[in-house]
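The values are calculated or read from the model by the stated rules, or taken from the named source; none is laboratory data. The shown structure was predicted, so the numbers you read here are calculated from the model rather than taken from an experiment. Reconstructed Cβ throughout: ideal geometry from the backbone, glycine too, with neighbour counts over all protein chains shown. All accessible areas refer to the heavy atoms of the entire protein, side chains included, with ligands and DNA or RNA removed. Shrake-Rupley method; radii C 1.70, N 1.55, O 1.52, S 1.80 Å.
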Amino acid sequence: AAFLTARSMRHKYAVGRRAASANKLWCNKNERRQYDDFANLYSIIKMIDKLEKAYVNSTVASAAYDASCAELIAKYKTLRTVTEDSVPNVQHFMAIYMMRCTSARHRLQVGVPATVEHRVERSGKRTSAVSVAECVHHYIGAMDTLKLNMFAKDQLAPCLSDLLLSIYKVPQLPAEFIGKTSLQIWRDRLERMRASDELNADESRQLLYDIELSYNQFMQLLGGHDIFGQEPS
């Protein structure tokens, strides 16, 4: 009886191992790493969605929301650099896994916390002069990148993201600053590209024109000179 029991246990163990093997999502280390990335991407999107709802319901303070949201967005952007090939479109990823996370979708599209997007005033923050100086720095950096013939997504996307973030932080600009809209369109367009994909000559020329136009509008609203040295009329 003991022999039969031991034999039965070994049989169940073997069957269990075969079943587990048949249900495995991966066959090698690369596939396992890919599914780990999928899990991380899924969890980050879910956390951002819950954080957005907590902020709207006033169950989390603005300062805590700001720090947590900025950290999650940074993690998302870092993860996207290694999932661009396996997940070329995040919206499609969310649809496949039935993620009804509209709040997270908007936050990731904007790329900054709601406190930055809607310019929630907080004491102890930087002066507007510093914000303007940083914005000008990022405008010039983005234009110089294109003038140096750097047209790949992994060269342009960080510049545009930094530029848009700095624009949101300038309190003098209206919420619907027109110079921001075209840059958001370009950022979303780059988001759908692979890291090694490049803009062609016409696209890069148009992007440079849009950045220069946005910069001129930015300077005119602030009462400065545009890149052609002209004062606003």
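Worth a mention:
- Residue check, THR102 among the hydroxyl-bearing types (Ser, Thr, Tyr) and out of contact with any Asp or Glu (no Cβ under 9 Å at 6 or more places or on another chain): no
- Scanning segment 69-97 for residues that are acidic (Asp, Glu) and open to solvent by 40 Å² or more (accessible area, probe 1.4 Å), we see that the one that is nearest to ASP36 (Cα to Cα) is ASP85.
A quick yes/no check of all residues on (1) touching a residue at least 12 places away in the same chain (Cβ under 8 Å); (2) assigned to a helix (DSSP H, G or I); (3) more than 16 Å from LEU165 (Cβ to Cβ):
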residue	(1), (2), (3)
ALA70	yes, yes, no
TYR76	yes, yes, no
PRO88	yes, no, yes
VAL112	yes, no, no
ARG119	yes, no, no
GLU134	yes, yes, no
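- Of ASP210, ASP226, ASP197, all but one fail to be farther than 30 Å from SER86 by Cβ and modelled with pLDDT of 85 or more; the exception is ASP210.
- Identity of the residue in segment 23-49, free of Cβ contacts under 8 Å to residues at least 24 places away in the same chain and within 20 Å of THR78 (Cβ to Cβ), that ends up surrounded by the fewest Cβ atoms within 10 Å (Cβ to Cβ): ASN30
- Among the candidates ALA70, ALA74, residue that is in contact with a Pro (Cβ under 9 Å, 6 or more places away or on another chain) and closer than 18 Å to PRO158 by Cα: ALA70
- Single residue of segment 57-68 satisfying the filter (free of Cβ contacts under 8 Å to residues at least 40 places away in the same chain and assigned to a helix (DSSP H, G or I)) that is most open to solvent (accessible area, probe 1.4 Å): ALA67
- Index of the failed condition, ARG100 passing every other in (1) of a type in the set (D, E, K, R); (2) surrounded by fewer than 18 Cβ atoms within 10 Å (Cβ to Cβ); (3) assigned to a helix (DSSP H, G or I); (4) at pLDDT 90 or above: (3)
- Output for segment 164-198, where each listed residue is open to solvent by less than 70 Å² (accessible area, probe 1.4 Å) and of a type in the set (A, V, I, L, M, F, W, C): LEU164, LEU165, ILE167, VAL170, LEU173, ALA175, PHE177, LEU183, TRP186, LEU190, MET193, ALA195
- Failed item in (1) under 22 Å from ALA74 (Cβ atoms); (2) part of a loop (DSSP other than H, G, I, E, B), with ASN149 passing the rest: (1)
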